[in-house]
1. Using 17 Å as the cut-off for backbone N distance, which residues of the range 1-20 belong to the label zone defined by a point 7 Å from the Cα of TRP33 along Cα→Cβ?
2. Pairs of Cα atoms under 8 Å, at least six residues apart: use those to get the relative contact order of the range 131-235, whole percent.
3. Kindly write out, for the range 113-129 in residue order, the coupling ³J(HN,Hα) from the Karplus curve 6.51 cos²θ - 1.76 cosθ + 1.60 (θ = phi - 60°), rounded to whole Hz, with x marking Gly and Pro.
4. Could you report the accessible area of ARG6 in Å², rounded to 10, computed with a 1.4 Å probe on the protein chains as they sit in the structure?
Amino acid sequence: YMGWYRAVRTSSYLLGPLLGGLVLFMGDFRLAWASVGILGLLSFLPALGLPKDEKRSGKALRQRTSLPAFGRHLSQAFRSPLLRALGMVQAALYLGLRANKAFLPIYAVDVGMNPAQIGVIFSIQVAATMVMQPVGGYLSDRMGRKPVILFGLVLVAAMLPLMVMTTSLMVMIFLSLLLGLGEAAIMPSMLPLGTEMSDQGSSGSTLGMLAAMDNVGKALGPVVAGLLLGVLGYVATFSIIAALLLAVALAFALYARDVA
């Protein structure tokens, strides 16, 4: 189910630019922003249909969402070695993916590719992630969370430096497809595992911590890669990021020895 949820979420990364481009073609930026606002308001409609949790009484819910309870649940998430390892996986994964997204277009231009070709490369990656996330979630349910996460981390780590070692459009498209498959393997397993490993009543705090680590990686990726690129070049930079991902994969494997 998490794979299907994330596949629908990822579809917005493909549909958003397409719809935005069509609106701009027919109108102007004011119409585009108005359309965004309308879509945002429409998102409230399905939220109104979410089922209520009848098991939570008003008193229990107030106790669970009190400020001391929030601090206790958050500290429990950070104290757990496995959950810290999951957080490192989130941060390292998106550090690599955002570094790739920020600087692969510059590399592609340097080797003679045009904007349309670069757009195809990234569209293939997003499409592969979108289509394969339900499969990644299914495999996670059948084979266990840990092996699927480790497979995805190794695949992403391998693709990052390879993509800046080629000048062939077709090879880069193929590598981008594999990069998307790696992401699709990891994410549908991460959030269920975080929920399963958290204490009763603290799954929200745990998922919030993982989402925060996700954003740490997204923020650091372009900065770290930019600093390294200024000194080392593309291949060395993305090889270092790949080595970081492999080190995080090893740490996760050690901390998750008892996880299926």
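The values are calculated or read from the model by the stated rules, or taken from the named source; none is laboratory data. Fair warning: this is a prediction, and the values are worked out from it, not measured in the lab. No Cβ is skipped: glycine too gets one built from the backbone with ideal geometry, and neighbour counts run over all protein chains shown. In case anyone asks, the SASA skips ligands and DNA or RNA and just uses the protein heavy atoms, side chains included. Shrake-Rupley method; radii C 1.70, N 1.55, O 1.52, S 1.80 Å.
1. 20
2. Working: 78 pairs, mean separation 34.3, N = 105.
After rounding, I find 33 percent.
3. After applying 6.51 cos²θ - 1.76 cosθ + 1.60, I find 8, 9, x, 5, 5, 5, x, 5, 4, 6, 5, 4, 4, 5, 5, 5, 4 Hz.
4. 20 Å²
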